[in-house]
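The structure under discussion appears below in the form of structure tokens.
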Amino acid sequence: MTVSAALQDRLAALQPPGLMIIDGRKIAALSGETFANISPRDGKPINAVAAGDKADVDLAVAAARAAFEDGRWRDRTPAEKKKTLLRLAELMEAHREELALLEALDVGKPLSDARNVDIPLAIQTTRWYAEALDKIYGEVGPSGPGRLSYAVHEPLGVIGAIVPWNFPLHMAMWKAAPALAMGNSVVLKPAEQSPLTALRVAELALEAGLPPGVLNVVTGFGETAGQALARHMDVDMITFTGSGSVGRRLMVYAGESNLKRVSLELGGKSPQIVFADCPDLDAAAEAAAWGVFFNQGEVCTAASRLLVQEAIREPFLEKVLAVARGIQVGDPLDEATRFGAMVSSEQMRTTLGYIERARASGLEPVLGGRQVLQATGGFYVEPTIFDRLSPDAALAREEVFGPVLGVLSFQTSDEALRIANDTVYGLAAGVWTSNIDLAMSAARRLRAGLVWINGWDACDITMPFGGFKQSGFGRDRSLHALHKYADLKSITLSHRPPHV
Ligand code: NAD
């Protein structure tokens, strides 16, 4: 793999962080243990990262609690909090290229996506919550003479944020920005596959003026650091994005410890339904391909089920194939690459395992199906499409979290909606039709937290994001996320009624 001379220089100058940030200090794990942080681009280690465990989590939670109790952050005025978070957004902007390079190296996503999508969205999220935090009002109740009752939003306290590797910094800021905006302290546990940008942004937060102990980052594995955080008796809430299996365990940990709140953003098996009267088949074909192949298919809202009305199945599939054939798998650090490496050899093997099992059941992919670029030592799987899937097939029911699209067909709208809803998940769904009545009724009948009509992934930070059913509960993005990190307290002042 060759990269430009300019990028070579930037790579040589890059100093990937490997120490945790606890109480404003960069520290190694108390045990002294580290783990090798592997780049999926070539399978080689980037750096050694602190392998934090329970002792480090205890330290971070104690720092977060102390910061919360003495009010060094929560008692700042809204205007001061806003200024600090806006300053953080500015610093992230100033370090955008560095953050993008760290992200692309760490998880194998195309550098151009990290630069143009991930990092700008993380910055936008930080800015949006900074701007929003002084526009949250409480309530005054209709309490009658002799009383003044009002409700205020109180921060919850110490928030444990456990995030995945597919959009590492973006997901981290979906949690940290609203939690900090409401005055909480945060202990962030990035995924072991993607610790770099969380560590770097915690450094920038200190530079921006966030007091020590308010944003702590503990790196380490899920079973050790993650579990210790989720079982901690002094953590008030766990906010999580990741797999359903870990989400289930977090609820158990909460039940077995201090009944902390739990908010879960889990996976999906999102359907995109294309009716024969679709207003723009080319746009729908682009959305069908990129809806599942963006970020190498490692997207919780990936449109991994394509439901096409039988009358247009063949010509539409040809269009989707034409788009997908144009997607070249390449070095994430090549500026031209739009489809890079999968995050780990484990994730690659899981994806290839699904493809092999589908083959063993008699299905042959109409596109892709293989590991590629083996000589690089990296983890690359080409975009893969299976046609004529039965709704019972594993590929139509289970989340692959890789670049695999399953095509199903239907005759009527009732059949389409039945198949679309026949899943334990309920994260996202799409409908393509010119019939406004059909579009509106399908949007209401689809059991999913996000529905897109004649588009895919067409909303932003202003709208709530999260799932129905086993895709989780609690919402990221929008003002609803701010309320998630606060409790309502009712205060009543009794006084002499008027006219006495
Ligand atoms: P994962 O659940 O294995 O890991 C997510 C995080 O949980 C990591 O930080 C990991 O270290 C931690 N973890 C693992 N075991 C733990 C334990 N026992 N206790 C506490 N923490 C633990 O998921 P992943 O493989 O990193 O991410 C892929 C999954 O995430 C997919 O299922 C995907 O759909 C889902 N996801 C959902 C969304 C969403 O917003 N709904 C977004 C991105 C990813």
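The values are calculated or read from the model by the stated rules, or taken from the named source; none is laboratory data. Owing to the predicted nature of the structure, the values given are computational and were not obtained by experimental measurement. Reconstructed Cβ throughout: ideal geometry from the backbone, glycine too, with neighbour counts over all protein chains shown. Only protein heavy atoms, including side chains, enter the accessible area calculation; ligands, DNA and RNA are left aside. Shrake-Rupley method; radii C 1.70, N 1.55, O 1.52, S 1.80 Å.
Summary of values
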quantity: Largest-first principal axis extents, alpha carbons of segment 271-460, Å; calculated: 52, 37, 30
quantity: Cα-Cα P(r), segment 28-110, percent of pairs per 10 Å interval; calculated: 15, 24, 34, 24, 3
quantity: In sequence order, calculated HN-Hα J values of segment 57-70 (Karplus, 6.51, -1.76, 1.60; Hz; x Gly/Pro); calculated: 5, 4, 5, 5, 5, 4, 5, 5, 5, 4, 5, 5, 5, 7
quantity: Interchain or long-range residues, amide H under 5 Å from Gly430's placed H; calculated: Gln272, Ile273, Trp452
quantity: Accessible carbon and sulfur surface of the chain relative to its total accessible area, %, 1.4 Å; calculated: 54
quantity: Cα gyration tensor shape of segment 204-277, rounded if a/c is under 1.5, else prolate or oblate by comparing a/b with b/c; calculated: oblate
quantity: Inter-label distance for Ser149 and Glu97, nm, one decimal - labels placed 7 Å from Cα along Cα-to-Cβ; calculated: 5.9
quantity: Farthest toward positive dipole pole in segment 298-403 [+1 Lys/Arg, -1 Asp/Glu at C-beta], among Gln371, Ala394, Ala341; calculated: Ala394
quantity: Antiparallel bridge percentage (DSSP; both residues within segment 271-460; nearest 5); calculated: 15
quantity: Kirkwood-based shape ratio for segment 249-317, expressed as Rg/Rh from alpha carbons; calculated: 1.26
quantity: Estimated FRET transfer efficiency (Ala283, Leu488; beta-carbon r; R0 30 Å; 0.05); calculated: 0.10
quantity: For segment 392-500, accessible area per residue (1.4 Å probe, heavy atoms of protein chains only), Å²; calculated: 49
quantity: Theoretical gain in end-to-end length, His495 to Glu314 [0.36 nm per residue, Cα-Cα removed]; calculated: 57.6 nm
quantity: For segment 59-212, accessible area per residue (1.4 Å probe, heavy atoms of protein chains only), Å²; calculated: 32
quantity: Leu7 paired with Ala458, simple spin-label distance in nm, labels 7 Å along Cα-to-beta-carbon; calculated: 3.3
quantity: Charge dipole of segment 5-266 about the Cα centre (unit charges at C-beta), most positive-ward option of Ala63, Ile38, Thr77; calculated: Thr77
quantity: P(r) weight above 25 Å for segment 5-266, C-alpha pairs, percent; calculated: 43
quantity: Rotationally averaged projected area of the chain (alpha carbon convex hull; nm²); calculated: 25.9
quantity: Residue among Ala276, Ile327, Ala428 farthest towards the positive dipole end of the chain, charges placed on Cβ; calculated: Ala428
quantity: Solution diffusion estimate, µm²/s, Stokes-Einstein, segment 174-220, Kirkwood Rh from C-alpha pairs, 10 °C, viscosity 1.306 mPa s; calculated: 146
quantity: Helix-only CD estimate at 222 nm, as mean residue ellipticity for the chain, using -39500 (n - 2.57) per DSSP H run (n ≥ 4); calculated: -11500 deg cm²/dmol
quantity: Rounded to 5, the percent of DSSP beta bridges in segment 5-266 classed as antiparallel; calculated: 40
quantity: Folded to 0 to 90 degrees: helix 119-132 orientation relative to the chain principal axis, Cα; calculated: 40
quantity: Antiparallel DSSP beta bridges within the chain, as percent of all bridges there, nearest 5; calculated: 40
quantity: Within the chain: Cβ-based charge dipole about Cα centre, in debye rounded to nearest 20 (Lys, Arg +1; Asp, Glu -1); calculated: 1240
quantity: Kirkwood Rh and Cα Rg combined as Rg over Rh, evaluated for segment 60-192; calculated: 1.08
quantity: Accessible surface, per residue, of segment 229-296 when the full set of protein chains is kept, probe 1.4 Å, Å²; calculated: 34
quantity: Semi-axis lengths (Å, descending) of the ellipsoid that matches the C-alpha gyration tensor of segment 298-398; calculated: 24, 17, 12
